[in-house]
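The values are calculated or read from the model by the stated rules, or taken from the named source; none is laboratory data. Keep in mind that this is a model prediction, so the values were computed, not measured. Cβ sites come from the backbone with ideal geometry, for glycine too, and all protein chains shown count toward neighbours. Note: areas computed on protein heavy atoms with side chains; ligands, DNA, RNA excluded. Shrake-Rupley method; radii C 1.70, N 1.55, O 1.52, S 1.80 Å.
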Amino acid sequence: MAKRESGVITVYLALTFTVMASLLLVMCESARTAGARVYLETAGNSAMDSLFSNYHRELWDRYRLFGLEEYSEQEIEDEFLEYLHPYIGGAENRNWYALSVPAGGVSVTGKEELLSGGGKVLFDQVTEYMKYAAVTCDREIAAADSFRKLAEEGAAVEKTVSELSGASETLLEMEDLVERIRNLSGSVGKEYTDLERAAAGYDLAEFEKAAAALESTVTSAEKAAGSYERIAAEFSEELDRIEQDISGKRDSAGISEESYRALQEEMEQYRRYADGAGETGKKIRSFSKTAGSFREELKNACRLASGADEEAHDYESTSAAAGNRAPAPGTPGGEGPGGTAGAEQPPGAEMAAPDLSEIWAETIRFVESMEVPSADLPEGKKDREKENALLRARDLLSGGLLELVLPEGVTVSEEPYDLTGAPSAGAAPFTGPAGLPEIILLSEYLDAYFTHYRPDGGLPLQAEFILYGGGSDRENLGSFAGEYETVYTGINFLSLLSDSKKRNEARSLAAVICGAPGTPVAEAVKLLILTTWAACQAAADLKTLLSGERVPLCRSGPEFTVSVQGILSGNFTKERGAGSEGMSYENFLKLFSLLKPAGEETLRIADVIRTVLQKEQEDFSFSRLYAVLELSVDCTTNHLFSGNTGARYACAFSRGY
């Protein structure tokens, strides 16, 4: 029989083992619960990564943009919980940590749409991506900065020279009035001679006819004089305003010191004319004053002539009545006692003929004493044909620039865009500072992912819409043409001012138009010619670009292709260079994008993307595209050994593209 061995344990040892076991179990539970929080954070981060992997594929493939498309917060929570489920376990998949998420345990606490901040999130995505897709170096940044300054100065100078050109046209209008007043003054002298001749001929009908013509001419001259004085006052005010504008641009660094001095020199010519116009104005005011009193005297002369004519007629009527009166009975020639019928009237029985010279003498003396208004004014313009040709060229540029520069056979759609619900229509663009490198990256992005004008057509003008935001392709292309014309009119004008040969050509044409070289009028007209020349060259270059050819970034005077003869003939858009060197239309489009507010461009990028993607996904909307999400998870864990409900964990997760 086997011997049985018995074991014993003391109460002390049992208690010791119990305490040690409890300690070990507590340590295990503590480690498990502490690990549960880390595990939950890891699981949540993994679920967030899985959630954000569902980015909009078409948005990425076409435009390299990330956006999580979700229709509601509940959908986001359910999808996140689905990705979290394999980690937290459940009745069918319980693990060491025994985590569980109660109903409503996942909630969206924050979200940032792709267009949040007025498009700033989208802008940041674009620039971050283009840092790796495009190469920008310090030299490109410096070149872009130089162009921006050049374009800003060109636009500022164009505004000023446009105002000066308006002043030149006002000046020409004043010269027209001077010429009209001078011509009318000459007509007054001739018609006054006719009035004197009619008075000397005692002919009331001719007198009144000459007086009526004279009054009409004097009245027209007075109206012209009044117009001159009004326009001269406006001209002086306009010059003051232009001078203030030039000084303001100099103070705000809108134009360089060299350009400022050049514009000031041109302003001096207008001031010289205004000073001369003051002397001319005195003569014209004197003419108006004399003309007013002359018209009153003319009325008095007509009354005197009418009275003289009436007196002569009365005399003749009295004479005729006396000659036809029958002799009384008994008088010589009368019948009756003592009468001798048929006897001849004695000499002197008939009244003598009226002396018209005496009757009209007062009228003639009055007419001779009248002060005839005359204006000793300087000679006006000589070559009307060239002046009108110059003004026609300006009218061509202002009448319809796009029609003028579009190549033959090229059509641009005028169909209006459907911008209903467009992002740019419902949000204010961000206005925060955007550095030049980021703006360059945005312009590179436009060039890489959006279509633009091509001479062969067929593509929508997406890039032009992003820059200008017009309602149709034609409107946006017209906006580009207008901006190019504005900027390069100013740039070309500065080039012409620095070229003595071109200035002399313009001065020669101005002398022909005005008939007096070196005068303030001729110098002011020279500026009008230079401005028109600069604008015509810009239009010719614009047509070259729209034809798919190239033009220089900036022309010097010798590089101008438009001639003075081309301007006067109206064929300046045909005077284009070879167009094989320089910059293309796309290059200029990228450069002009540097001048636009980044916030507005970004929102219109969203407009274009929405329009394109809605053709394949009708319900596509940026309002359902998220770039950043924040979620919170409330989770519980049961005690492993007791099964009772244990700790609760609240973790927050955030993720963004």
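The table for this structure:
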quantity	calculated
Cβ-based charge dipole, the chain, positive-most Cα from 436, 225, 554	436
Förster radius 56 Å - calculated FRET efficiency between residue 272 and residue 57, Cβ distance, rounded to 0.05	0.20
Residue 216 versus residue 247: modelled label distance in nm, points set 7 Å from Cα along the beta carbon direction	5.0
Cα long-axis angle, helix 204-251 against the chain (0 to 90 degrees, to the nearest 10)	30
Separation of alpha-carbon centers, the range 63-77 and the range 429-501, rounded to whole Å	34
Most positive-pole-ward Cα, 42, 21, 68, against dipole of the range 1-79 from beta carbon charges	21
R0 of 60 Å, Cβ-Cβ distance residue 647-residue 448: FRET efficiency to nearest 0.05	0.70
Nonlocal amide H pairs with residue 625, under 5 Å, H built at 1.01 Å	114
Potential extension, residue 365-residue 240 segment - 0.36 nm per residue separation minus Cα distance	40.0 nm
Full-stretch length increase - residue 314, residue 285 - with 0.36 nm per residue and alpha-carbon distance subtracted	6.1 nm
For peptides 537-549, 559-571, sequence by mean Cβ density within 10 Å, most packed first	537-549, 559-571
Magnitude of the charge dipole, the chain, Cβ model with Lys/Arg +1 and Asp/Glu -1, debye to 20	2960
Centroid-to-centroid separation of the range 530-571 and the range 170-221 [C-alpha atoms, Å]	48
Given charges at Cβ of Lys, Arg, Asp, Glu: the range 451-520 dipole, positive-most of 463, 519, 506	519
Heavy atoms of residue 85 accessible to a 1.4 Å probe, total area in Å² rounded to 10	80
Cα-based Rg and Dmax for the chain, where Dmax is the largest Cα-Cα distance (Å)	48.1, 223
Student exercise, the range 501-657 dipole from Lys, Arg, Asp, Glu Cβ charges, in Debye to nearest 20	560
Across 149/574; 223/382; 223/526; 543/596; 223/386; 502/526, pairs whose alpha-carbon gap is larger than 20 Å	149/574; 223/382; 223/526; 543/596; 223/386
FRET efficiency, residue 129 to residue 229 (Cβ-Cβ, R0 51 Å, nearest 0.05)	0.20
Computed [θ] at 222 nm, helices only, for the chain once each DSSP H run of length n ≥ 4 contributes -39500 (n - 2.57)	-22000 deg cm²/dmol
Net +/- balance of residues flanking residue 504 in space, Cβ distance below 14 Å, scoring K and R +1, D and E -1	+2
Inter-label distance, nm, simple model (7 Å from Cα along the C-beta direction), residue 553/residue 149	1.3
Cα centre as origin, Lys/Arg/Asp/Glu Cβ charges: the range 11-121 dipole, Debye	560
With eigenvalues of the C-alpha gyration tensor scaled by 5 and rooted, the range 202-271, Å	51, 10, 5
The chain, relative contact order [Cα under 8 Å, separation at least 6], %	23
Partners for residue 120 among aspartates and glutamates (Cα-Cα distance below 16 Å; same-chain residues under 8 apart left out)	112, 128, 438, 600, 601, 607
Gained length - residue 358 relative to residue 28, 0.36 nm times residue gap less alpha-carbon distance	104.0 nm
Tilt relative to the chain, helix 520-546 - C-alpha long axis, 0 to 90 degrees, to 10	40
Burial order of peptide ranges 25-33, 416-424, 304-312 (average beta-carbon count within 10 Å, highest first)	304-312, 416-424, 25-33
Å² per residue, accessible surface of the chain at 1.4 Å	50
